[in-house]
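Engineer: Provided herewith is a single structure, encoded as structure tokens, for subsequent inquiry.
What follows is calculated from the coordinates using simple rules that are stated; it is not laboratory data. From a predicted model like this one, the values you see are computed outputs, not experimental measurements. So basically every Cβ, Gly included, is an ideal-geometry build from the backbone, and we count neighbours across all protein chains shown.
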Amino acid sequence: MTTQELRASLRRQLKAAAERDFAAGVRKFFREPVDPYGVRSAKLHAIAGDVYREVKRWPKPRRDRFMTALWESGKLEDAVIVCHVYRRFSKEFGEREFNLFDKWLDLYVLNWANCDGLASWLLAGAIANQPWLIRELPAWTKSRNRWRRRAAIVALLQEAKAGRNTDAIFEICALLRHDPDDMVQKGVGWVLKESYPRKAREVREFLSDWRDTAPRLLLRIAAEKMTAKDKKWLLTK
């Protein structure tokens, strides 16, 4: 298929799979305005698989233009497809792809679903291959863009799950400790939660002086995978 043919085919598939009532429910689920077709996850993943099989042999520039066009549509499912398809190329990720994802973050990410797909898989994939890219993240914590601040920590989600770069994770968490935005607080709590299974002692030590000052929402999320003893310790003032 040509790029235009694939775009038209994708649009037809999404419209055919759309459910009006489901789309209405999706709009109610988000606090931010979203524009969904109304396609359920199982069907959306199958469609994303079809797209991947078509684009996997395309040259990178052509693939990137196609993915950028999907972001530009503003449709919620198009953004999901970008993240699901592009993550399959994660072995190729490096500084070039990180810079592309950085650009997408500013231009197209307008809700937590877009943010988490891009940060936890795409940015995270580039960081896994080239850990020195972590040095870009501290500056993001000062951004006026709430999704960039959330991405600063969610980009380290896979590092947290693998028990890697724990000091860097703690550095970003500390920079976001007093962020007033609940979506950023949830991101910090989420990554600390995922750090705990492999780095329980380090997480406890890091949070030892947070109990009385950090947002309760952040602490509750951070405690979700803790032992009962550690959870009580963290959440009892």
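Engineer: Could the peptides 94-102, 131-139 be put in order, highest first, of the mean number of other beta-carbon atoms found within 10 Å of their residues?
Structural biologist: Top of the packing list down: 94-102, 131-139.
Engineer: Report the relative contact order of the stretch 98-220, percent, no decimals, based on alpha-carbon pairs under 8 angstrom and at least 6 residues apart.
Structural biologist: Taking the mean separation of contacting Cα pairs over the length of the stretch 98-220, I get 22 percent.
Engineer: Straight-line reach from residue 75: which lysines have a Cα under 28 Å away, not including same-chain ones fewer than 8 places off?
Structural biologist: Partners within reach: 15, 28, 43, 56, 60, 91, 103, 186.
Engineer: What order, most packed first, do the peptides 179-188, 24-33, 154-163 have when packing is the mean number of other Cβ atoms within 10 Å of each residue?
Structural biologist: Highest mean packing first, the order is 154-163, 179-188, 24-33.
Engineer: Might you report the magnitude of the Cβ-based charge dipole of the stretch 1-73 about its Cα centre, with Lys and Arg at +1 and Asp and Glu at -1, to the nearest 20 debye?
Structural biologist: Once rounded to the nearest 20, the dipole reads 180 debye.
Engineer: Under the rule of -39500 (n - 2.57) per DSSP H run of 4 or more residues, summed and divided by the residues of the chain, what mean residue ellipticity at 222 nm is obtained, to the nearest 500 deg cm²/dmol?
Structural biologist: -19000 deg cm²/dmol
Engineer: For the chain, what does the relative contact order come out to in percent, with C-alpha contacts under 8 Å and a separation of six or more?
Structural biologist: The normalised contact order for the chain reaches 12 percent.
Engineer: Given Cβ point charges of +1 (Lys, Arg) and -1 (Asp, Glu) and nothing else, what value in debye, to the nearest 20, does the dipole of the chain about its Cα centre take?
Structural biologist: Dipole size: approximately 480 debye.
Engineer: Which order do peptides 227-233, 195-201 fall in by mean Cβ count within 10 Å, highest first?
Structural biologist: 195-201, 227-233
Engineer: Two-decimal Rg/Rh of the chain from alpha-carbon positions, Kirkwood Rh?
Structural biologist: 1.00
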